Amino acid sequence: EPIIHMRGVQKRYGHFTALKGVDLDVAAGEVVVLLGPSGSGKSTLIRCINHLEEYDAGDVFVGGVRVERGRNLLKVRQQTGMVFQAFNLFPNLSVLDNVALGPVRVKKLSWDESRAKARTLLTRVGIGAQAEKFPTQLSGGQQQRVGIARALAMEPRILLFDEPTSALDPEMVGEVLDVIKGLAHSGVTLVLVTHEMGFARQVADRIVFMEDGEIREVSTPDVFFSST
Ligand code: ADP
Ligand code: ADP
């Protein structure tokens, strides 16, 4: 059974149809990269997986749970972490507490337990030394690594990345992509929207190419990049 199952998913914004009936299955542990022109619906698609956008028609299941308003939503959100283009860190919390907060709130860990875990994760993404700082004291690349550690702290089965390096200065893109590469094939399922083609080719099990609100092609990186 796929960990993500989407059938006939449609999404409208007013009169504009951003998703025109999308079908996609993702296997547990798989790395899927969504490519396609700006405005083709990539971000909307991944936001329908964790219900940041509510779809208008079709079905989305995450770990066998239907993604819909109501009590299913907590089960879906517990399985999915998200890393945003603009980091979305809490400016008034230390780096450490940005990472520790989720498990305290949602998993009901004590602050001590959660901070210990957060330190381990910050070390894993290479910024253990920045734990006591505040987000604005960090470079963009460091802030995005906090964003990844924060998502990992919830121990999700699925991590969604919406253009995780698009807001970064070019010299910081590599350090964030390296962290993501380290997560690939570690068991967690990754769905990424990115414009980093070399990275996509290296890390993806499958490339999903979108255009105009539809999936136009699903292929392996080798096939995809030899045909374009
Ligand atoms: P992509 O991620 O491929 O760039 P998006 O999913 O962000 O595409 O957007 C698809 C289309 O939907 C774009 O034309 C965008 O302007 C439009 N769109 C996205 N979000 C909204 C919104 N909240 N309201 C109206 N239109 C939106
Ligand atoms: P991204 O490419 O990362 O999706 P955008 O700048 O397209 O970033 O969108 C940022 C936010 O604005 C998103 O929440 C998106 O849903 C919303 N948005 C995008 N396009 C439109 C639009 N045409 N009208 C209203 N909201 C939009």
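Here are the numbers:
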{"read-out": "Whether segment 1-40 is rounded, prolate or oblate, judged on the alpha carbon gyration tensor where a/c under 1.5 counts as rounded", "value": "oblate"}
{"read-out": "Surface accessible to a 1.4 Å probe, residue 19 within the full protein complex, Å²", "value": "0"}
{"read-out": "Which of 165, 148, 118, positive extreme of dipole for the chain (C-beta unit charges)", "value": "118"}
{"read-out": "Gaussian network model of the chain, springs between alpha carbon atoms under 10 Å - residue of 113, 30, 214 with greatest fluctuation", "value": "113"}
{"read-out": "Highest-MSF residue in the chain out of 216, 77, 150 [GNM, Cα springs under 10 Å]", "value": "216"}
{"read-out": "Pairwise centroid distance, computed over Cα atoms, of segment 141-179 with segment 20-95, Å", "value": "16"}
{"read-out": "Two-site label geometry, residue 226 and residue 54: point separation in nm, points 7 Å out along Cα→Cβ", "value": "4.6"}
{"read-out": "Probe 1.4 Å, protein heavy atoms only - accessible area per residue of the chain in square angstrom", "value": "45"}
{"read-out": "Cross-link table 11/107; 108/181; 42/181; 117/181, entries beyond 26 Å C-alpha to C-alpha", "value": "11/107; 108/181"}
{"read-out": "Rounded percent of accessible protein surface that carbon and sulfur make up, segment 82-205, 1.4 Å probe", "value": "50"}
{"read-out": "Gyration tensor verdict on segment 147-228 (Cα atoms; rounded if a/c is under 1.5, prolate if a/b is larger than b/c, oblate otherwise)", "value": "prolate"}
{"read-out": "Candidates 174, 140, 36: whichever shows maximal mean-square fluctuation once the chain is modelled as a Gaussian network with Cα springs under 10 Å", "value": "174"}
{"read-out": "Aspartates and glutamates whose Cα lies under 12 Å from that of residue 133, excluding same-chain neighbours fewer than 8 positions away", "value": "97"}
{"read-out": "All-pairs alpha carbon distance profile, the chain, 5 Å steps from 0, percent", "value": "1, 7, 15, 18, 19, 17, 12, 7, 3, 0, 0"}
{"read-out": "222 nm mean residue ellipticity, helices alone, for the chain (DSSP H n ≥ 4; -39,500 (n - 2.57); rounded to 500)", "value": "-11000 deg cm²/dmol"}
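The values are calculated or read from the model by the stated rules, or taken from the named source; none is laboratory data. All of these numbers come straight from a predicted model, not from anything done at the bench. We place every Cβ from the backbone using ideal geometry, glycine too, and count neighbours over all the protein chains shown. Side chains included, ligands, DNA and RNA excluded: accessible areas come from the protein's heavy atoms. Shrake-Rupley method; radii C 1.70, N 1.55, O 1.52, S 1.80 Å.
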